[in-house]
Amino acid sequence: MKEIQENVEHDLEYYQSGIRQLYMKHYQKYLFIILAILLVTVVGIGLSESLVRWLLIVLFLIEAGLVVYLLRYLKAEAFENYFQRIKAQLPGDFHKMESIEIQEDDQAYYFLDDQALYVKLKKKNTRNFPSKIRQYTLLVGFTDELDEQMLESPLQFFYYDITQIKHSANYKKEMLKNTNFIAKRKKRRIKSAIFTILILALVGTFVYFGAKKYLNDTGRLLFEKQVEQEYQDKIGQETRVRISELSVTNEDETLKIDLPKHFHEEEGSLLSVDNIKGQSSKTFTSDALYISLFMSEARNASSLSDFVNQVMEEEGKSISQNNGKKLHPDLFKNEYIVTTKISENGQDGANNYTTYFFETDRNYGWIMCEIDYRSEAAELNLDQQVHELLRSIVVDRDETII
């Protein structure tokens, strides 16, 4: 017994480097699988929304915890503790291995105990080390099966007499007749199926929400290009005109404003877009004046505040404080006025740009007014011109002036 123990310890010490490589390969395999799933989860978090995003964040934290847990086994002291445990255990198991029969086929070794499958080791996951014990070979490897010992006892150690190994071309056929083999194979397949379903569910969730977001973004981009193209087509057809008023109709509501008298002789371009996705607009642009009327059906925003935020975000502007004025409480349910002050050098200064947001029963909308302070209009009181324009608002609903 003492001689066996000395020989086993000699084998383990002599082949420690090779055993360590198999040990690291075992944990690295599971670590790479988790990292791949972790990457998919991170991408899914970026593409998903609301509840699913929170579930993926929880899943990400669990996966990160598993990564940290596996990394502890890759430390040098963890392998050393495991190696010393095997040195103490393997000599006592040597005589038990004499009763274990080993067979092989082209892909794996099969270790049988009383004709029941004890363990299966694929050849690509094993190493054969010539032993100091005469006629014996030390085989070390790990299985692909999921069980409760795969982390704490990653490697399988077997001593076998190489002259006794059997190669059976009909091995699998013979094993199918064995009840214990069928039961264990069924258990392994159930474990593999559960693991595969979880992976497919995770990947499916990522693909679904990624595709959904991609299609939504693509649809929005196509719509924006369509609107831009219609704008460009109309711009190419416009001629220079003079106007004294401007109106736009959407959802059976017509908004009309009068231009300040100073701009009635101003020549410019008139652009109109009607009923695209429940939105209509009309814009007049000249050297000194920019006026834009826009109306969007109420379902496109949840509130006036939401509508204002959407507009300012798309324009890349921050929202300044509403001045609190209620110009038309009899016409609109809610109003919001945003002003931007710009001076000649681009710093805060003269009142130049005003956006008047409003809410009706059927629409949200805006009136944007910009007067170029570098034109002759700069000699006028810009606040007074804008105030005159906004006070002229009239809303016609079903041909009834309010």
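A few remarks follow.
- Residue list for the range 279-302, filter: in a loop (DSSP other than H, G, I, E, B) and either free of Cβ contacts under 8 Å to residues at least 24 places away in the same chain or in contact with a Lys or Arg (Cβ under 7 Å, 6 or more places away or on another chain) (or both): 302
- Test: residue in the range 77-97 that is assigned by the TED database to the domain that holds residue 13, loosely packed, with under 12 Cβ neighbours inside 10 Å and not in a helix (DSSP H, G or I): no
- Restricting attention to the range 58-76, the residues being open to solvent by 70 Å² or more (accessible area, probe 1.4 Å) and part of a helix (DSSP H, G or I) number 8.
- In this structure, residue 40 does satisfy being surrounded by 13 or more Cβ atoms within 10 Å (Cβ to Cβ), at pLDDT below 85 and part of a helix (DSSP H, G or I).
- Filter result for residue 149 (assigned to a loop (DSSP other than H, G, I, E, B), at pLDDT below 75, of a type outside the set (D, E, K, R) and open to solvent by 50 Å² or more (accessible area, probe 1.4 Å)): yes
- Matching residues in the range 369-402 - criterion: being farther than 17 Å from residue 284 by Cα, modelled with pLDDT of 75 or more and among the aliphatic types (A, V, I, L, M): 394, 395
- Only residues that are modelled with pLDDT under 85 and open to solvent by 10 Å² or more (accessible area, probe 1.4 Å) were counted across the range 111-142, and they come to 9.
- Sole exception among (1) closer than 30 Å to residue 7 by Cβ; (2) modelled with pLDDT under 75 for residue 91, by number: (2)
- Subset of the range 261-278 (residues that are touching a residue at least 60 places away in the same chain (Cβ under 8 Å) and either assigned to a strand (DSSP E or B) or open to solvent by 50 Å² or more (accessible area, probe 1.4 Å) (or both)): 262
The values are calculated or read from the model by the stated rules, or taken from the named source; none is laboratory data. Computed from a prediction, not measured in an experiment: that's the story for all the values here. With ideal geometry, Cβ positions are generated from the backbone for all residues, glycine too; neighbour counts draw on all protein chains shown. Ligands, DNA and RNA are excluded from the accessible area calculation, which covers all protein heavy atoms including side chains. Shrake-Rupley method; radii C 1.70, N 1.55, O 1.52, S 1.80 Å.
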